[in-house]
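Written out below as structure tokens is the structure these notes cover.
The values are calculated or read from the model by the stated rules, or taken from the named source; none is laboratory data. Everything numeric in this text was worked out from a predicted model, so none of it was measured. Cβ coordinates were reconstructed from backbone atoms using ideal geometry, including for glycine residues, and neighbour counts include every protein chain displayed. Just so you know, the surface numbers come from the protein's heavy atoms only, side chains and all, with ligands and any DNA or RNA stripped out. Shrake-Rupley method; radii C 1.70, N 1.55, O 1.52, S 1.80 Å.
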Amino acid sequence: VAAGFLVIWLFERISHLNDMQKLLRHNRIMFKRLWVVVAPYYNIAVPKVIWSTFQIVCTVPVSLYIYFPSPLKEMMDVAWISQVDAAEMLGIPCTFAEYNGFIQRSYISGLMPLLIGIICWLIYAVRVNLVSLNKEDEVFGQHMHFTMIFIFCVVPPMTRLLATGLVCDSETIPGISFLVASPAVDCDSDMYNAFLPFAIIMFLAYFSTPLLCLGILFAKHDRIVMNDEVSLELRHVLRYDPTLKPYRFLIKNYKRATWWHDIYDMYRRILLVCIIPTFFSAPVSSKASIGCVLSLLTIMISTNLKPYELEVINSLSEMCQYLIFFTYFVAVLILADFEDGLNQTGGRWSLLGSVLALALTALCLISLR
């Protein structure tokens, strides 16, 4: 609806001004004025921290096969958009019945980010031949910036999705091997045997992508940690150093010594949403306990490193990691049946679910201060 009103407003402006260039120039000035007002309250580290947190938290009930009490469950359902599942976001399983199976959805969701990346760099190949030489670095920077954002958001959930396609259970039912993520899939079938090489290759590709980013940043290591006379702050080095601007999404807002922190964060998410839930053949209660221990470990790392330049972002990061620990701890309680009447699942709001929902709401409000 908002997009529709925006299109109508643009057409009205075009008919009124009768000049597209004048329209664009007018809107550019308007957005610049708006940015002057918003900029003091904007920091890219805030949405990155929130995104990483919800990408972990919303997978806990799915990975541990538990139901969180309402209204927390409904909030987790909304936060599931952070999983960036192309098949679900496009509604393909609901629209096309033949793509409703786990394997078909994995093909679509696994290939879609790769397709978007190819399209991005094909557009770059076209644009770079249309601009002057002094604009080539700017065009490269724009496409690399988009690629880094895309990798940061997509790699952990895609790794999780493809990892779930690798785990079969042959012990529960003697003589039958089925896919844990989708028991209807027979692991001895020709369809699964054809899918398995794809899942392994794509899993390894997504899993190694953060290492590729680390290699790119390490090649620029001397420029990142250099203390020049212009400024001692990393964000100012980005402003004056054109070689670092394409990679600013991964290193901006961090201290010089912790320029690698986004790579660590991606593997932290992969560990919590993929490796522990999928490849550890332990009871779900043990997995929840391991999640608690790992959450405490990441809290200690964050508290000691304080990787961000701004102390308020460090505080927000620590608060979010406490929230992850709290989520795993609640999962332990639910699996242990310790909370008794606090957890009602009949569509009613429970005390436990309401407290957790309020905690998530408070987190969002604090992050906007």
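Details
- Linear extension gain, residue 200 paired with residue 119, 0.36 nm per residue minus alpha-carbon span: 26.8 nm
- Peptides 267-280, 124-137, 47-60 ordered by average Cβ neighbours within 10 Å, highest first: 47-60, 267-280, 124-137
- Solvent-accessible area per residue in region 148-219 equals 47 Å², computed with a 1.4 angstrom probe and all protein chains kept.
- The modelled label-to-label distance between residue 173 and residue 221, using points 7 Å beyond Cα along the C-beta direction, is 5.2 nm.
- Residue 333-residue 131 FRET efficiency (beta carbon distance; Förster radius 51 Å; 0.05 resolution): 0.30
- Remark: the residue 139-residue 281 segment gains 46.4 nm on full extension, using 0.36 nm per residue and subtracting the alpha carbon distance.
- Net charge contributed by nearby residues that have their C-beta within less than 12 Å of residue 262 (K/R +1, D/E -1): +4
- Length available on full extension from residue 182 to residue 67: 0.36 nm per residue minus the Cα-Cα distance, which gives 39.6 nm.
- Separation in nanometres of the label points that stand 7 Å from Cα toward Cβ, at residue 257 and residue 312: 2.5 nm
- Members of 135/220; 135/255; 73/255; 48/306; 220/306; 48/220 lying beyond 27 Å, as alpha-carbon distances in this model show: 135/255; 73/255
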